[in-house]
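The next block holds one structure in the form of structure tokens; read it before the comments.
Nothing in this text is a laboratory measurement; each read-out follows from the coordinates by a stated rule. Here the structure is a predicted model, which is why all the values come from computation and not from measurement.
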Amino acid sequence: MKDIHSYWAYLVLAILIFTVVNAIIGLTQKKEFTDKDLRVGLFTLIVSHIQLLIGLGWYFMSPWYKALKSGAGDVMGDKTARLLAVEHPIMMILAIILITIGWSKHKKKTEDSAKFKTFVIFYGLALVLILSRIPWNNWF
């Protein structure tokens with residue numbers, strides 16, 4: 001489960017970066033928001049939600065969850081354990097929430113620039129949160 005979560009994360013990160021860059025280009029070059037842009041945003045939403053489900057499955061089977069249940073003070077005192085047991089899951093859930101909000105808000109916009117701007121803001125913030133709490137030492 002941990003391997004699936006790790007490999008799927010590469011896919012999520014690549015697609016999220018592509019979506020944010022695509023939205024920045026669309027916004028700055030005043031492009032039309034096409035079906036391709038819609039599908040890229042939707043695919044990002046779907047892939048990230050799948051990652052959330054995989055991550056939650058792994059989390060509740062992980063030693064970090066068990067350690068947190070048995071002694072939260074020990075986990076919170078150890079920087080690495082805290083990252084894996086608390087910070088990473090919370091930030092990833094917040095990132096998925098931002099992606100979901102961005103997807104919902106963009107559908108209500110009528111102007112192309114507003115749709116791109118919504119993706120830039122919400123998907124971009126999600127990308128920053130994800131990059132800030134990836135356990136890089138465990139990932140490579």
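Look at [x] 279; [y] 118; [z] 98: the one that is volume of the Cα convex hull per residue in Å³ derived from this structure is [z]. Give me D for the range 1-64 in µm² s⁻¹, whole number, from Stokes-Einstein with Rh from the Kirkwood sum over alpha-carbon pairs, 20 °C and 1.002 mPa s. Here the translational diffusion coefficient equals 165 µm²/s. In this structure, the residue pairs whose Cα-Cα separation is over 27 Å, taken from Lys36/Lys105; Lys79/Lys105; Lys30/Lys109, are Lys79/Lys105.
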